[in-house]
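Q: Quick one: the structure is below, questions incoming.
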Amino acid sequence: MTRNQIPPLLWQPDIPESVALGYGKQMAALLQSPSLTAALRGLGFDFTVKLLDLGIGATGAWFGPSEKQEEFIRDVLLCLDGEPVVWARSACEPHSQWRGVLDCGTQPLGERLFDGSLPLVRSAFEFSGVQECRTENGLSAQAFAARRSWFGMRGERLWLVECFLPALGKYGG
């Protein structure tokens with residue numbers, strides 16, 4: 001399945017009621033955390049990033065309908081004690097200044113975004129309930145919620161979507 005075949009998601013300004021009722025206050029707080037990197041590290045487990053994909057590709061339905069055919073994309077899994085708990089995709093224009101920020105290997109993107117060195121602004125979060133994350137690089141994982149936002153810097157945007165995987169629940173998220 002290609003990125004463009006991901007079914008469209010219903011994005012809304014609040015956490016879907018089905019997610020809020022099913023996963024409790026602690027998970028709702030995690031979904032709304034400004035820095036997911038900091039929040040996951042705060043759970044007290046070994047936090048790592050696994051790089052899945054870095055390069056030019058189509059963003060598909062994760063960021064809504066787009067006339068653009070290709071973006072620079074970074075796909076990662078955020079892991080606790082080696083187990084994937086969040087799948088994240090970041091995307092920017094192919095020749096954007098954001099490419100240098102995204103090309104950070106297994107360093108958490110949150111470390112770069114929130115270290116105070118970048119003159120950035122962030123949009124409000126949008127949330128969606130999801131059943132599955134799929135990309136053409138082989139990732140197919142069950143998920144229960146997703147959030148998306150964008151960062152702006154010097155007139156350019158970096159889009160970010162994070163899908164929360166059920167395994168997160170066993171780590172107290």
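Q: Fully extended, how many nm does the chain gain between D53 and K25 (0.36 nm per residue separation, minus their Cα-Cα distance)? Please report the intermediate quantities before stating the final value.
A: Details: separation 28, 0.36 × 28 = 10.08 nm, distance 3.23 nm.
Separation in residues times 0.36 nm, less the Cα-Cα distance, equals 6.8 nm.
Q: Here is a follow-up. Can you figure out the FRET efficiency of D46 with A124, using R₀ = 45 Å and their beta-carbon distance, to the nearest 0.05? Walk me through the numbers on the way to the answer.
A: Values: r = 31 Å, r/R0 = 0.69.
Approximately 0.90, to the nearest 0.05.
Q: So how do 30-37, 99-106 stack up, highest first, on mean other-Cβ count within 10 Å? Write down the numbers at each step before the final one.
A: On the way: 30-37: 17.9, 99-106: 13.5.
Ranking, from highest mean packing down: 30-37, 99-106.
Readers should treat all values here as calculations from the given coordinates under stated rules, not as data from a laboratory. Everything numeric here is computed off the predicted structure, so don't read it as measured data. Neighbour counts run over all protein chains shown; Cβ positions are idealised from the backbone, glycine included.
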